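Peer 1: Let me begin by handing over the structure; questions about it come next.
Nothing in this text is a laboratory measurement; each read-out follows from the coordinates by a stated rule. If you're wondering where the values come from, they're calculated on a predicted model, not measured in any experiment. Cβ sites come from the backbone with ideal geometry, for glycine too, and all protein chains shown count toward neighbours.
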Amino acid sequence: MADRTRYALAFGLLALLLFGFARAGLAVGSVALREMPADVAAKIVDLRLRRMLAAALLGGALAVSGFLLQTFFANPIAGPFVLGVSSGAKLTVALAMVFLLSRGVTLGAAGLYGAAFLGSMLVMGLILLVSGHVRQMPLLVVCGVMVGYICSAVTDLVVTFADDANIVNLRAWSLGSFAGIGWDDLRVIAGIVGVGAAWSFLLSKPMSAYQLGEGYARSLGVELKPFRAQLILLSSVLSACVTAFAGPISFVGVAVPHLMRSLLKTAKPIWMLPACFLGGAVFCLGCDLVARTLFAPTELAIGSVTAVFGAPVVLWMLLSRRKEALA
């Protein structure tokens, strides 16, 4: 009963924060709505609403993706950004945009997502290949970080030497932003994230068994190969969706699952998955509010703001685990 009460309070807190940030996101900005004509104010509210929904959906997707990777690798520091998955998606999207835009072809939502998914799967395949030869998780994480740096460096070169005006706009996208996402994009995002999150939740039971060890999961009838494939596929689908539409966003996939474990005092997927989705939405809504209002009208890159708030959480997690190991 105590556990259920704690879970209810935790989800109530997340819902309250989500409502508060959503309300502030609609009302607060560089311009005061009450001072503007009704038609102009309606357009601004529409813009803010689209941005708010994008931040909530994509933030939730990143947090769930991070939790899936942490379950797969049994490592709390695993995440799409840390392992280089987001950077791989960023690279393939940048290359696709450069190749097509230089030929006068516009890359639509399906093309963006396809390129991002391809990059995510390529990097994930490389990480899995390395994991077959590296048994130490810290070394595997270091390999993922190095792959991410390589992909980011190549992407920066592509953006730097682009000469077309549309391609140069890649620089803003490469820093991460929820701005510019239209209603058609939101429908695609909602479809992908909705299916990915629901599918992940349906795997809660085998995930719980897998957390207790491969032998235990196998004894309960979990077929490990297809189960692992689903974890990797779902994580790549969700992280690719974020990168395709908002660019690379750091630390959300690592920090939010850890915060949710601390809040719920459990790692059970049946509770963690919805908590991670809500927590990721709250985290990104809050960070986006800071990004567009702190130095308004100048807007900060969302990736920079999530790093400022997410990196201390990761450091706290590492130091806490070190203290537990020494105790």
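Peer 1: Can you give the alpha-carbon Rg of segment 188-250 over 2.2 N^0.38 Å, where N counts its residues?
Peer 2: 1.30
Peer 1: In nanometres, what is the gap between the two model label sites at residue 3 and residue 228, each 7 Å from Cα along Cα-to-Cβ?
Peer 2: Label at residue 3, label at residue 228, 2.8 nm between them.
Peer 1: With the radius of gyration and the Kirkwood radius both derived from the Cα set of the chain, what is their ratio Rg to Rh?
Peer 2: 0.98
Peer 1: Sort 7-15, 64-72 by the packing proxy (mean of other Cβ within 10 Å over each peptide's residues), most packed first.
Peer 2: Result, highest mean Cβ count within 10 Å first: 64-72, 7-15.
Peer 1: Which FRET efficiency value, to the nearest 0.05, do you get for residue 13 and residue 184 by plugging their Cβ-Cβ distance into 1/(1 + (r/R0)^6) with R0 = 30 Å?
Peer 2: The pair residue 13/residue 184 has a calculated efficiency of 0.35.
Peer 1: Also: Please report the relative contact order for the chain, taking Cα pairs under 8 Å with a sequence separation of at least 6, and give it as a percent rounded to a whole number.
Peer 2: Across the chain, relative contact order equals 32 percent.
Peer 1: On full extension of the chain, what length is gained from residue 202 through residue 268, given 0.36 nm per residue of separation minus the C-alpha to C-alpha distance?
Peer 2: Gain on stretching residue 202 to residue 268: 22.5 nm.
Peer 1: Evaluate E = 1/(1 + (r/R0)^6) for residue 105 and residue 293, where r is the Cβ-Cβ distance and R0 equals 41 Å; express this FRET efficiency to the nearest 0.05.
Peer 2: After rounding to 0.05, the efficiency reads 0.70.
Peer 1: Which value in nm describes the separation of the simple spin-label points at residue 34 and residue 146, placed 7 Å from the Cα toward the beta carbon?
Peer 2: Rounded to a tenth, the inter-label distance reads 5.9 nm.
Peer 1: With Cβ to Cβ distances under 15 Å as the rule, what net charge do the other residues near residue 226 carry (K, R +1; D, E -1)?
Peer 2: With Lys, Arg at +1 and Asp, Glu at -1, the neighbours total +2.
Peer 1: While we're looking at this one, here's another question. Give me P(r) over segment 50-125, computed from all C-alpha to C-alpha distances, binned every 5 Å, as integer percentages.
Peer 2: Answer for segment 50-125: a P(r) of 3, 16, 18, 22, 19, 13, 6, 3, 1, 0 percent.
Peer 1: Sticking with this one: Using the Karplus curve 6.51 cos²θ - 1.76 cosθ + 1.60 with θ = phi - 60°, what ³J(HN,Hα) values do you get for each residue of segment 193-209, in whole Hz, with x for Gly and Pro?
Peer 2: After applying 6.51 cos²θ - 1.76 cosθ + 1.60, I find 5, x, 5, x, 5, 5, 4, 4, 5, 5, 8, 4, 5, x, 5, 4, 5 Hz.
Peer 1: Okay, next question. As an exercise, use a Förster radius of 35 Å and the Cβ-Cβ distance of residue 214 and residue 311 to find the FRET efficiency, rounded to the nearest 0.05.
Peer 2: 0.65
Peer 1: Cβ neighbours within 10 Å, averaged per peptide: list 89-96, 230-237 in order, most packed at the top.
Peer 2: Sorting 89-96, 230-237 by mean packing, highest first, produces 89-96, 230-237.
Peer 1: Then there is this: Label residue 133 and residue 157 with points 7 Å out from Cα along Cα→Cβ: what is the distance between them in nm?
Peer 2: Result: 2.2 nm between the two label points.
Peer 1: Viscosity 1.002 mPa s, temperature 20 °C: what is the translational diffusion coefficient of segment 173-224 from Stokes-Einstein with a Kirkwood Rh over Cα pairs, rounded to a whole number of µm²/s?
Peer 2: For the chosen part, D equals 156 µm²/s.
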